[in-house]
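Scroll down for the structure; my scribbles are underneath it.
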Amino acid sequence: MEIQKKTEGEITLYTLTNASGASVTLSTLGAGIVAVNVPDANGKMDDVCLGYANPADYLADGPCAGKVPGRYANRIARGHFTLDGQEYSLAINNGPNALHGGPTGFMNRIWDAEEIGSGVRFTYHAPDGEEGYPGALTAVATYTWSDDNTLRLRLEADTDAPTVVNLTNHAYWNLDGHDSGSVLEHGMQMNCSRFLPTDDTLIPTGEIAPVAGTPMDFTVEKKLVRDIKADFPSLKYGKGYDSCWVIDDYCKDGTMRLAAVLRASKSGRVLEVSTTQPAAQVYTGCWLAGCPANKNGRSYDDYDGVAIECQNFPDAPNHDNFPSAVLRPGEHYDETIEFAFK
C-alpha cells in the first residue's frame, strides 16, 4: 500500500493506492473521504465519490460531503434531549431541528492524523459542552484500504461524562463517476424490511414500520428512480429518499451485516455496504444543487449522488424504544462500516 501525503493550507490529504492502482483520498477536514478511484467492468478507473475542487470548500458545506458528522449524526428533534434528568439544548440548524452535531460539529473540524500501515487514523478531541453536548469526548476514525478495493472505517469514541454519540460517514456515491449526472438509474437492494416513518421535518415518529407494500421497499433490487416521486409521506417530506432503514437481524454484538447493495448497470460497478450499526440512512442527494464547484468545475445537481449512512437511529435520545445512543465513562463506542467496490 502506497500512502501519499499532501498539505493544502491547514488541510492535509492522504491518498492510499493499492496494488491494482485503485485509490482513496482522505482529508483531515471532517475526517472525510474526498475521492475513490476504482475500476469499472472494463477496468477503466474513475472517481465514484462526489466532492469539490477546492479542499477548503468542504468546510461548512450543506451536503456534508464525504465527512464524519458528530457528535450526533442525523437529526435530534427541536435540538433538545434529556439525559439522566438533565436537559440539554443544541443549535438549531435544520428547520426546527439539530442536524449532524451542529454548525461547528465534527465534520467542520480539522482532525489530527497519523498513517497506520494500510490506512490513516484521524482523532478529534471534543471539549465538554461543545455544541451543547455534555462530556469531553475523544473520537477516532480509522480508514484502511485493501487490495480487493474495500474501504473500511472504524469509528470509536470515549467520554469522561455521560453523553450521546452517533457517528457515520456521509460520502455520496455515483458508480458511473462522480460527475456523470443523475444517480437515480442505479439499482439498490437493502437488507432492511423495516423503516422509520417521520414527521414533515424528518424526525422519526417512534414507529418502526414494515416496508412491504410501500415505496420504501428495497428488499428486492429496484432503481432509485422507480418510486421516488410516489405519493408517499416520507418521499414528499424529503423531496426524494431521506429516510432511515432498520437493518434486519441486528443485535449489538459487533457482527458485520450487509446493509445495502448499490449497482450501476452502465459502468458495471457494484458497491456493497456492510456495518455493525443498527440502521442506514439513505439520502438521494435531494438538495445538492448550489453546492461548491466539484472536481470537474461545476456544481452538482440534485440527485447526482446517493449517501448510504450506516448509523444509529435519528433522534434516538428522545425515543426509549430505539437503540440507546448513550455513552458513559468506561464504555467504548466502537462501530465499523465497510464499502466494498466490486
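The values are calculated or read from the model by the stated rules, or taken from the named source; none is laboratory data. Since we're looking at a predicted model, the values are computed, not measured. Virtual Cβ from ideal backbone geometry, glycine too; neighbours counted across all protein chains shown. Just so you know, the surface numbers come from the protein's heavy atoms only, side chains and all, with ligands and any DNA or RNA stripped out. Shrake-Rupley method; radii C 1.70, N 1.55, O 1.52, S 1.80 Å.
Annotations
- Note that the stretch 187-342 shows a convex hull volume over its alpha carbon atoms of 143 Å³ per residue.
- Count of Lys pairs (Cα-Cα under 22 Å; at least 8 positions apart or interchain) in the chain: 19
- Mean accessible surface per residue for the stretch 116-158, computed with a 1.4 Å probe while every protein chain stays in place, in Å²: 34 Å²
- Net length gained if the chain between Ala91 and Ile116 were fully extended (0.36 nm per residue, minus Cα distance): 5.5 nm
- Note: the stretch 1-153, Cα convex hull, 124 Å³ per residue.
- Debye equation applied to the C-alpha atoms of the stretch 288-338, log10 I(q)/I(0) at 0.29 Å⁻¹: -1.14
- Relative contact order of the stretch 72-199: 17 percent, from C-alpha pairs under 8 Å at least 6 residues apart in sequence.
- Taken along the Cα-to-beta-carbon direction at a fixed 7 Å, the label points for Val326 and Asp227 span 3.6 nm.
- Simple spin-label estimate for Ser180 and Ala56 gives 3.3 nm between the two label positions (7 Å along the Cα-to-Cβ direction from each Cα).
- Net lengthening on full extension, Thr255/Thr201 (0.36 nm per residue, minus Cα-Cα): 16.2 nm
- Between Leu202, Thr159, Thr219, the Cα set farthest toward the positive side of the dipole of the stretch 93-226 (charges on each charged residue's Cβ, about the Cα centre) is that of Thr219.
- Whole-number percent relative contact order across the chain, with pairs defined as alpha carbons under 8 Å at least 6 apart: 19 percent
- The distance linking the stretch 24-42 with the stretch 65-104 is 27 Å (Cα centroid to Cα centroid, whole angstrom).
- Efficiency of FRET between Ala136 and Ala41 - r from beta-carbon atoms, R0 45 angstrom, step 0.05: 0.40
- Value in Å of the Kirkwood radius, where the stretch 1-79 supplies the Cα pairs that are averaged: 13.9 Å
- For the stretch 3-152, carbon and sulfur atoms together expose 46% of the accessible surface, with a 1.4 angstrom probe and every protein chain in place.
- Charge dipole of the stretch 252-342 about the Cα centre (unit charges at C-beta), most positive-ward option of Asn296, Ala260, Gly285: Asn296
- Dipole-positive endmost among Met107, Ala141, Ser118 within the stretch 99-159 (Cβ charges, Cα centre): Met107
- FRET efficiency for Ala19 and Lys239, using Cβ-Cβ distance with R0 set to 35 Å, rounded to 0.05: 0.25
- Solvent-free Debye scattering, log10 I(q)/I(0), computed from the Cα coordinates of the stretch 66-150 at q = 0.12 Å⁻¹: -0.43
- Nearest-20 debye value, the chain charge dipole, Cβ charges on Lys, Arg, Asp, Glu: 700 debye
- Cα radius of gyration and Dmax for the stretch 142-230 (Å): 17.3, 47
- Inter-centroid distance (Cα atoms) of the stretch 207-285 relative to the stretch 109-132, Å: 29 Å
- Rounded to the nearest 20 debye, dipole of the stretch 1-71 from Cβ charges on Lys, Arg, Asp, Glu: 200 debye
- For q = 0.16, 0.29 Å⁻¹, Debye-computed log10 I/I(0) when each Cα of the stretch 180-219 counts as one equal scatterer: -0.53, -0.96
- Inverse mean reciprocal Cα-Cα distance (Kirkwood Rh) of the chain, Å: 19.9 Å
- Note on the chain: GNM, Cα springs under 10 Å; of Ile228, Ile116, Ile208, the largest mean-square fluctuation is that of Ile116.
- Unit charges on C-beta of K, R, D, E only; dipole of the stretch 189-299, Debye: 700 debye
- The stretch 32-146: relative contact order in percent, alpha carbon pairs under 8 Å with at least 6 residues between: 18 percent
- Simple label model, 7 Å out from Cα along Cβ direction - Asp160 to Ser193, nm: 4.7 nm
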